[in-house]
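Each remark here refers to the structure printed beneath this line.
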């Protein structure tokens, strides 16, 4: 019966008259009976968010092995151990794969965390009227049709249609993005689609009552609430691969297939080119071992772990700069970001109403200009005010009223002391019809001071005089009214919320104060313009983003005028450029195809819902853009999850938004995003350097082994290839991951989604540098054969093979200096500035040298001792590697300049 009525998001309860509402929900103003409530609870379940089915730890761990490159590595480990009997090699591969899987498991479960956070937000208790009696129950026991009583300080326990209200305001920023509490009233709204933020007679689950009181009927519980609707969207949102994941997957597949093809070719060539005249069965086994050794050596099995380590080091650096990364690939994704879709309230702005302009005595002045304690506007705004000051000095109350009191305190007006001298004795509370609030205060001479604040148009109807100076008052003229209204309009067009101040002095307090006997014949004191101001650093951050080729987009639930004004002040759009602004209602009128054509036109989205935010993010993603979405509210969570990288706010952000984010800003500072983008670009550049180093080294190994096989020379042993990989791959590659940021990295355009680790000249560099490494290694081997140190043939070949082994290993360490910059000279990037790099290269050198110079290792690694001349040839090849690459870079830079 109530299954359909519980789906608040699909019903227009705001358009029903009270009698029709009560009839539709089969309830009354006295509430449900205990039996009715129990029956509905049994039929529809508790007022709680549904938990999605969670995967077990084993399932999450198993999912880590579905990557193609990982599967090939597992097969390689199996073949290495079972067929080639290289158990150390197999163990190394398995260790790398398992460590990588463990990292992945710890980085998962964003959707589950977001849903859990939504569940935890549910209020524990609710005040309901059942059978005519008011009682307090657990909010989970609320059902559709319950009558709920709300007052200031309460958290709304379910979606509620108000049937009675008194000066009621509800803070809905987490749901709608509205920067100030929304005035609520129990009237009937038109039977048409109305944005959530404009549904004045509705109160939504987990919003906060900040002022007044109200009575309402529960129309939605659990997953049928607006918060439940968002929870469902989070659960259904598709996970998107980051550019890093796409690049690694593509690179892994390409390399693996290429290496397997080369290994197969070497296997076939080796059999056809049987220089040693081995029997076929022995030859096949021997070449199979060679092919497997080559494949294992050439596949960069350490790449996933090295990338993970580089990302982890990046997250540590970012944490020190107030960016807390929850998902490792997000570090690199920031570097490729092209669109930053930012929430306004609390992200670009301070989420704190602040006085910005004051109009009095006939002129407009800034809030920072001096105002004396004798100023009547200052007195009115702080007297006609319900703000309370806590013991620690924190102001509690309606954000608009706390802003007025804070303004007084900023101007050294002792509000508490003044109110003690002239205490409040009566009041006419605010209501949404007359839009005024008045307080009456006892003066020392026995008279009474009336302070009135409210909407300028409503207050001007009750004003007869105007304050023209601190000591002068005269009659209000039509010209004065026109000037006041013009000033009001001028501030309103700049998205300022304007309040008017007036006062008078009376001799007696009416027995029953009301608007007719208190709010008449007033003296106009001034206007105050307020706004939720932009963060001080936000405008520069927007400018820095544009300089870096990143387009900032503002998405907010606030009104169009406010959003447009803030966006203009921040530089997101040109001031007054309303063509770049679109509302959620206008967006609903566009089909997906039309929106896709026009999405580049809009930089500001106002009055939007959670569905709109997801649609905006996906529209930019369909354009091939990498999108980062920032936000702090529950309403931001689905878009945060759908974006390539979701960025939550650490201070003002809800747990829901943090749970759905890839990264959290510890300081809620929009400028920190630009810092994080710089770090992301640095991480990508350093991963690119590591990949260039690893792949060029592996290509050198492949070519060396291929040519040795083709020419019938002695072939490097599997243990030698394994040790080269172990000694020279890991430490330098990780050290390259912590290289300092190269100059000008934030002056480049974003890489975008289509770029990869081989772009920007890296792919061609890998090819020629790998060929060069292989050629130099074969050259040293050839020289050792042509100019032998020992007379015997066996000794000569042993020396040559040792020199080839040493050259292939050490030439990679020399090459590590080359890749500290892809195009710049190593002498311009301070080659020894990175202490970790120096240690890593030094450690690798020692590991290689020990296998040759330490007695007892010779037989284990199938090498011989080398004399000074032989070592000179080996090191000479390394120096030559550096010089040739430097020369190529020089001509590349020249060509680039031309």
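The values are calculated or read from the model by the stated rules, or taken from the named source; none is laboratory data. Model, not experiment: these values are computed from the prediction. All Cβ positions, even for glycine, are placed from backbone atoms using ideal geometry, and neighbour counts span all protein chains on display.
Scanning the range 461-491 for residues that are assigned to a strand (DSSP E or B) and touching a helix residue (DSSP H, G or I) at 6+ places or on another chain (Cβ under 7 Å) returns 466, 467.
Being surrounded by 21 or more Cβ atoms within 10 Å (Cβ to Cβ), in contact with a helix residue (DSSP H, G or I) (Cβ under 9 Å, 6 or more places away or on another chain), modelled with pLDDT under 85 and not in a helix (DSSP H, G or I) holds for only one residue in 180, 144, 209, and it is 180.
When you scan the range 219-226, do you find a residue that is surrounded by fewer than 18 Cβ atoms within 10 Å (Cβ to Cβ) and either at pLDDT 85 or above or part of a helix (DSSP H, G or I) (or both), even just one? No.
Checked against (1) in a loop (DSSP other than H, G, I, E, B); (2) within 24 Å of residue 433 (Cβ to Cβ); (3) without any contact (Cβ under 8 Å) to a residue 40 or more places away in the chain, residue 517 passes all but a single condition, namely (1).
Residue-by-condition table, conditions (1) surrounded by 18 or more Cβ atoms within 10 Å (Cβ to Cβ); (2) outside the structural domain of residue 697 (by TED's automatic domain parsing); (3) over 26 Å from residue 702 (Cα atoms); (4) in contact with a strand residue (DSSP E or B) (Cβ under 8 Å, 6 or more places away or on another chain):
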residue	(1), (2), (3), (4)
756	yes, no, no, no
760	no, no, no, no
770	yes, no, no, no
781	yes, no, no, no
792	no, no, yes, no
798	yes, no, no, no
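Of everything in the range 339-374, what is within 20 Å of residue 503 (Cβ to Cβ), in contact with a helix residue (DSSP H, G or I) (Cβ under 7 Å, 6 or more places away or on another chain) and without any contact (Cβ under 8 Å) to a residue 60 or more places away in the chain? Give them in sequence order. Of everything in the range 339-374, just one residue is within 20 Å of residue 503 (Cβ to Cβ), in contact with a helix residue (DSSP H, G or I) (Cβ under 7 Å, 6 or more places away or on another chain) and without any contact (Cβ under 8 Å) to a residue 60 or more places away in the chain, namely 371. When the range 385-402 is limited to residues that are modelled with pLDDT under 85, touching a strand residue (DSSP E or B) at 6+ places or on another chain (Cβ under 7 Å) and in a loop (DSSP other than H, G, I, E, B), the one that is farthest from residue 428 (Cα to Cα) turns out to be 390. Looking at 453, 494, just one residue is modelled with pLDDT of 95 or more, surrounded by 12 or more Cβ atoms within 10 Å (Cβ to Cβ) and under 47 Å from the mean Cα position of the chain (by Cα), and that residue is 453. Note on the range 570-580: residues that are modelled with pLDDT of 85 or more and more than 23 Å from the chain's Cα centre (by Cα) amount to 3.
Somewhere in the range 412-433, is a residue outside any strand (DSSP E or B), without any contact (Cβ under 8 Å) to a residue 12 or more places away in the chain and in contact with a strand residue (DSSP E or B) (Cβ under 9 Å, 6 or more places away or on another chain)? Taking every residue of the range 412-433 in turn, none turns out to be outside any strand (DSSP E or B), without any contact (Cβ under 8 Å) to a residue 12 or more places away in the chain and in contact with a strand residue (DSSP E or B) (Cβ under 9 Å, 6 or more places away or on another chain).
Would you confirm whether or not the range 831-841 contains a residue that is under 20 Å from residue 776 (Cβ atoms), assigned by TED's automatic domain parsing to the domain that holds residue 871, out of contact with any strand residue (DSSP E or B) (no Cβ under 9 Å at 6 or more places or on another chain) and modelled with pLDDT of 90 or more? Yes; the residues of the range 831-841 include at least one that is under 20 Å from residue 776 (Cβ atoms), assigned by TED's automatic domain parsing to the domain that holds residue 871, out of contact with any strand residue (DSSP E or B) (no Cβ under 9 Å at 6 or more places or on another chain) and modelled with pLDDT of 90 or more.
Residues considered: 514, 577, 558, 521. Of these, the only one that is surrounded by fewer than 22 Cβ atoms within 10 Å (Cβ to Cβ) and not assigned by TED's automatic domain parsing to the domain that holds residue 501 is 577. Restricting 190, 157 to those that are at pLDDT 75 or above, within 34 Å of the chain's Cα centre (by Cα), assigned to a loop (DSSP other than H, G, I, E, B) and over 30 Å from residue 308 (Cβ atoms) reduces the list to 157.
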